[in-house]
Amino acid sequence: MAVCCPLLQHEGERGEEARRFSLVLRAADELCPWVEPVALGSCTLPARGPSRFFGGEARLVDQLGAAVIGALDGAGPVQIGAADGLFAALLAARAGVIVPPGGSATFLSSWSLAVLRRPDLAVTLQRLGIHTLGQFAALPARHVLARFGGEAVLCHRVARAEVGELPGLRDPRIGHRLREVRGELPDVTPQAGFFGGTSAGDLRAAGAVARLQARLGPEAVLTGRLGEGRDPADRGRLVPWGSRPEGRHPGRAACRAPAPWPGRLPPPSPMVVLGDPLAAELVDRAGRPVRVGATGLLSDAPARLSIAGGPWRQVRGWAGPWPASERWWSGRRRRARLQVVDGGGEAVLLAAERGRWWLEGRYD
Amino acid sequence: MFVSTDQGGRAKPDLPAELAARARPVSTAASRLLPLPDALAALFPDGALRRGSTTLVAGSPGGGTTTLALALLSTVSAAGGWCAAVGVADPGVVAAVELGLDLRRVVFVPRPAGAWADATGELLGAVEAVVVRPPGAARPVAARRLAARARERRTALVVLVDHAGGWPFGPDVSLTVRDAEWEGVGEGHGHLQGRLAAVAAAARHPAASPAVHRLWLPSSDGSVAASPVCPASPTRSATTAPATTA
């Protein structure tokens with residue numbers, strides 16, 4: 001028996017799909033042991049024992065459907081089907097049918113060759129007038145080997161339902177990915193341990209992170225990632241713990257020295273970087289708003305600063321503005337940054353964009 | 001090149017000398033101390049962060065308390081230990097890296113809302129050191145429970161508050177940051193290069209006497225450094241770059 005969640009098959013940047021899928025697996029596992037993930041968004045379970053327990057396959061499908069929909073929490077439809085063999089079972093889930101034992105060959109016969117995901121073979125066969133798995137299965141096995149080679153023989157046996165597994169159906173990374181989102185592995189296995197392995201400390205920390213995520217929600221427990229860019233917010237970001245590392249070598253980005261970017265402010269960087277910048281007002285001695293001109297200079301010396309409508313603070317010193325014309329080729333953003341030290345000795349990072357000032361960071 | 005399959009007696013490669021010196025304190029389970037950056041060692045009676053102790057970092061917002069609190073974690077993190085920051089909203093990731101933290105082993109829980117004490121309690125024992133900023137004043141019950149749990153689980157607890165009264169339970173070491181002054185910014189020229197601040201350290205330890213240290217929080221490379229300036233005569237110059245003692 002196979003369960004597919006079509007909306008969970010492709011993982012987005014936040015890793016929400018893998019997390020959801022692990023909840024689906026847990027829900028299915030409560031009904032029946034031996035639930036096995038195949039790839040992201042699909043899993044299989046042995047149907048015979050549980051269906052006898054629940055009183056028939058239709059009852060099991062009902063129970064399983066309700067449990068999975070509960071775990072999906074609105075994240076799209078669920079498809080359940082049963083057939084002999086993994087390949088047929090996944091197609092049965094897609095069609096939403098229960099194929100009786102021994103009926104897989106008949107069930108498969110009407111499907112198009114495209115479901116084999118072997119485009120070259122499908123094109124060749126279509127030129128010969130063979131369009132369905134049934135027509136392909138009807139070819140004599142020895143002729144298939146002679147004309148199309150070993151790979152086609154495997155597909156032929158799958159089409160005849162002699163073999164249930166087709167290479168490429170199972171995602172070899174799924175187990176690792178699920179352990180990652182469950183917190184059973186630290187996020188960056190290859191380099192977390194001191195001697196290249198996973199230490200007891202790593203496992204303890206990962207367990208605590210998983211428990212915190214379960215209690216506060218996955219978005220509440222974060223890890224820092226370094227990126228490229230000029231903005232403090234681009235160069236360093238907080239992402240949910242366990243979300244998919246971008247790039248092929250996630251660990252490497254964290255240890256690499258940041259590349260020089262023109263327009264980037266030298267260290268020290270602001271200790272507080274606001275996820276949502278606050279509106280700020282910066283005025284000169286006469287109370288007029290300070291603007292950044294086309295030449296990249298301030299209209300006048302800033303004298304007072306107010307953040308988010310708060311009280312006015314004297315400006316003791318400032319540095320900049322540093323222009324940062326991001327995406328200059330599309331002319332979308334022209335920004336300038338200013339470091340300001342106020343009368344209380346507190347330093348802030350301001351950004352000017354389209355005539356308005358924003359508080360981007362604090363040097364706390 | 002051979003690999004030992006025996007988990008118990010796993011053959012460890014010989015480490016380079018400078019790495020071995022940094023790795024020893026946290027890799028030894030029996031150690032009761034966590035390493036600190038050189039500049040901060042003088043603030044503590046043991047010259048290191050004691051496991052299970054509570055450290056209070058107090059000072060007005062914007063005065064460098066967040067920098068000091070996270071700097072206390074930097075050497076632990078760089079040497080392979082896990083750390084966490086609870087309630088530190090919008091932490092600057094780049095600044096944390098400049099301080100020397102290894103992001104791969106730092107857990108941020110920036111907005112635990114009402115669950116800040118629960119979240120901290122969960123992390124005590126799971127990581128080597130936790131920085132927590134309670135929202136407003138912490139209730140005495142919560143403070144005492146967390147301090148007791150830190151001692152029992154042998155995790156260093158660093159509490160970040162606006163003033164010393166914000167934590168109603170006597171800490172082992174109390175650090176107060178004041179007189180912070182930024183260097184390097186004039187009227188429209190230069191750039192922020194460092195912040196010189198006075199850190200008053202007081203320990204419950206009877207042998208330790210309170211002392212005021214002058215520190216760069218941070219220095220011009222983003223890390224913390226001890227100021228070579230004599231505490232009695234702090235000179236302030238807007239143009240000279242702060243010295244970064246390695």
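We did not get these values from a lab; they are worked out from the coordinates using the rules stated. Note that the structure is predicted; figures quoted are calculated from it, not measured. With ideal geometry, Cβ positions are generated from the backbone for all residues, glycine too; neighbour counts draw on all protein chains shown.
Between A:ARG335 and A:ALA324, A:SER325, A:GLU326, the built amide H atoms are under 5 Å apart, and every one of these is 5 or more places off in sequence or on another chain. Amide hydrogen proximity for B:VAL185: with H placed 1.01 Å from N in the peptide plane, the residues at 5 or more positions away or on another chain lying under 5 Å are B:GLN193.
Taking the average, over residues, of other Cβ atoms within 10 Å as the packing measure, peptides B:182-190, B:92-100, A:17-25, A:81-89 rank B:92-100, A:81-89, A:17-25, B:182-190 from highest down. With contributions of -39500 (n - 2.57) from each DSSP H run of at least four residues, the per-residue ellipticity at 222 nm computed over chain A stands at -10000 deg cm²/dmol. Sequence-ordered 3J(HN,Hα) estimates for the range A:22-37 from the Karplus curve with 6.51, -1.76 and 1.60 and θ = phi - 60° stand at 5, 5, 4, 4, 5, 5, 5, 5, 5, 7, 7, x, 6, 6, 10, x Hz, glycine and proline given as x.
Projected label points at B:ALA148 and A:LEU128, each 7 Å from Cα along the beta carbon direction, are separated by 7.9 nanometres.
Spacing of the modelled spin labels on A:ALA141 and B:ALA89, each 7 Å from Cα toward Cβ, amounts to 6.9 nm. Annotation for A:GLU151 and B:VAL141: the two label points, set 7 Å from Cα along the Cα-Cβ direction, are 6.8 nm apart. Taken one residue at a time, the phi angles of the range A:337-351 give Karplus couplings (6.51, -1.76, 1.60, θ = phi - 60°) of 10, 9, 9, 10, 10, 8, x, x, x, 8, 10, 10, 10, 10, 10 Hz. Gly and Pro are set to x.
Just to confirm a number: summing +1 for Lys and Arg and -1 for Asp and Glu over residues other than A:VAL283 whose beta-carbon lies under 14 angstrom from that of A:VAL283, what do you get? Once all neighbours under 14 Å are counted, the net charge is +2. The ranking of A:LEU298, A:LEU113 from fewest to most other beta carbons within 10 Å of each one's beta carbon is A:LEU298, A:LEU113. Any idea how far the Cα center of the range A:16-78 sits from the one of the range A:278-307, in Å? Here the answer is 60 Å between Cα centres.
Averaged over the residues of A:204-215, the number of partner chain Cβ atoms lying within 10 Å of the residue Cβ comes to 5.
Tell me, what are the semi-axes, in whole angstrom and largest first, of the equivalent ellipsoid of the range A:104-159 as set by the roots of 5 times the Cα gyration tensor eigenvalues? Write down the numbers at each step before the final one.
Working: eigenvalues 46, 32, 20 Å².
Result for the range A:104-159: semi-axes of 15, 13, 10 Å.
Ranking of B:VAL127, A:VAL78 by neighbouring Cβ atoms within 10 Å, starting from the fewest: A:VAL78, B:VAL127.
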